[in-house]
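Below is one structure, written out as structure tokens; the observations come after it.
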Amino acid sequence: MAWFSKKNKQIEAVPPEERVVKTENVFVKCDGCEAHLYKRELEEGLQVCSHCGYHFRIGARERLAMLFDDGKFEELDAEVISIDPLEFVDTKPYPARLKQAKKGSGLPEAIINARGKVGDHLVLAGAMDMSFIGGSMGSAVGEKVTRLIERALKEHGAVVIFATSGGARMQEGALSLMQMAKISAALAELDEARLPFVSVLTDPTTGGVTASFAMLGDVIIAEPKALIGFAGPRVIEQTIRQKLPKDFQKSEFLLDHGMVDAIVDRREIRDYIIKLLNFMMNPEISSSSEIERLRTRAASGK
């Protein structure tokens, strides 16, 4: 569009609000390979770069829509939200931060709970979101994850959680750290009931979330090149005063060291989880010895 037009043989300036380049917001630059990607194609590819496979960060509701059959699910526990038990103030009061996070993210909390079908299996799923105070885990997040597990026990469903987090929420102090034990105890009951928990680690998954439920899955999946760890690489290097290996704490490093079971492209995660549920929800598989027998058979190719 020309920024000047002729009117009555005089040059008239076009108002600033009309000075819009037609390609604006049409292309997105990839942080991995710096290619310029057509926004619509990127969305159709589930926010994965078609050139280098870089996985853009996505929101909680997008995750859930990608997981459930036909993208349909029932949101649960939206009423469970954080309060300010410690009356915490840093550069601003904690209630002000919560209000800002809700407005900016459009979410009630750092995790969304949902119920639905995945490959016709009943699944109770949770998806964390970095846009809500860095996906941090406070009392409300811990309560929502625990409720998710308790529903799975009651309804005999599987649990799938997409983790992305900066760790425990400092504004809630020890109350936040207590959620690690609370969720782990609920997962122990899920394990006793022989119901599956699939943990999906995305970029980044750190702190108390990694140190608790994120690494307790029956199967632990990671997206490519996701940062996964407890303390950050810089903190570790400064503490031990040694240079860390290349790609330390990346998904591929963790897979090589036996910390995750598989690295799965986001475009294939739903199908991968369905295959897992077909296996893990099979009533004929009723003991750990039977699972071990099937694993041995699969490894031998028989």
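When the strands (runs of 3 or more DSSP E) confined to the range 1-63 are screened for residues that are modelled with pLDDT of 90 or more and hydrophobic (A, V, I, L, M, F, W, C), those reaching at least 1 such residues are found at 27-29, 36-38.
Against the list (1) out of contact with any helix residue (DSSP H, G or I) (no Cβ under 7 Å at 6 or more places or on another chain); (2) within 24 Å of ILE273 (Cα to Cα), the condition ILE183 fails is (1).
Among the residues of the range 277-300, are any buried (at least 16 other Cβ atoms within 10 Å of the Cβ) and modelled with pLDDT of 95 or more? For the range 277-300, residues buried (at least 16 other Cβ atoms within 10 Å of the Cβ) and modelled with pLDDT of 95 or more: present.
Considering only the range 26-52, state which residues are more than 20 Å from ALA65 (Cβ to Cβ), among the acidic types (Asp, Glu) and either free of Cβ contacts under 8 Å to residues at least 24 places away in the same chain or assigned by TED's automatic domain parsing to the domain that holds ARG63 (or both). Across the range 26-52, the qualifying residue is only GLU34. Give the range 115-136 a look and list any residue that's under 20 Å from ILE221 (Cα atoms) and either surrounded by 24 or more Cβ atoms within 10 Å (Cβ to Cβ) or outside the structural domain of ILE220 (by TED's automatic domain parsing) (or both), or say none. Listed by number, the residues that qualify are VAL123, LEU124, ALA125, GLY126, ALA127, MET128, ASP129, GLY135.
Those residues that are closer than 17 Å to ALA168 by Cα, in a loop (DSSP other than H, G, I, E, B) and under 18 Å from the mean Cα position of the chain (by Cα), I need them from the range 72-122; list them, please. Within the range 72-122, GLU109, ALA110 meet the criteria.
For VAL260, state whether it is modelled with pLDDT of 95 or more and part of a loop (DSSP other than H, G, I, E, B). Judged against the criteria, VAL260 is a match. Within the range 107-126, residues that are under 24 Å from PRO204 (Cβ atoms) have Cβ atoms under 8 Å from residues that are hydroxyl-bearing (Ser, Thr, Tyr) in these pairs: LEU107/SER131; GLU109/SER82; ALA110/SER136; ALA110/SER165, counting only partners at least 6 apart in sequence or on another chain.
Residues GLU223, GLU172: which one is under 30 Å from PRO85 (Cβ atoms) and touching a residue at least 60 places away in the same chain (Cβ under 8 Å)?
On the way: GLU223 fails: under 30 Å from PRO85 (Cβ atoms).
After applying the criteria, what remains is GLU172.
Whether a residue is among the charged types (D, E, K, R) and under 16 Å from ALA60 (Cα atoms) was assessed, and LYS117 does not pass this test. State yes or no: is ILE183 over 20 Å from PHE132 (Cβ atoms) and either in contact (Cβ under 8 Å) with a residue 40 or more places away in the chain or buried (at least 21 other Cβ atoms within 10 Å of the Cβ) (or both)? No: the conditions fail for ILE183.
The values are calculated or read from the model by the stated rules, or taken from the named source; none is laboratory data. No experiment lies behind these values; they were computed from the predicted model shown. We place every Cβ from the backbone using ideal geometry, glycine too, and count neighbours over all the protein chains shown.
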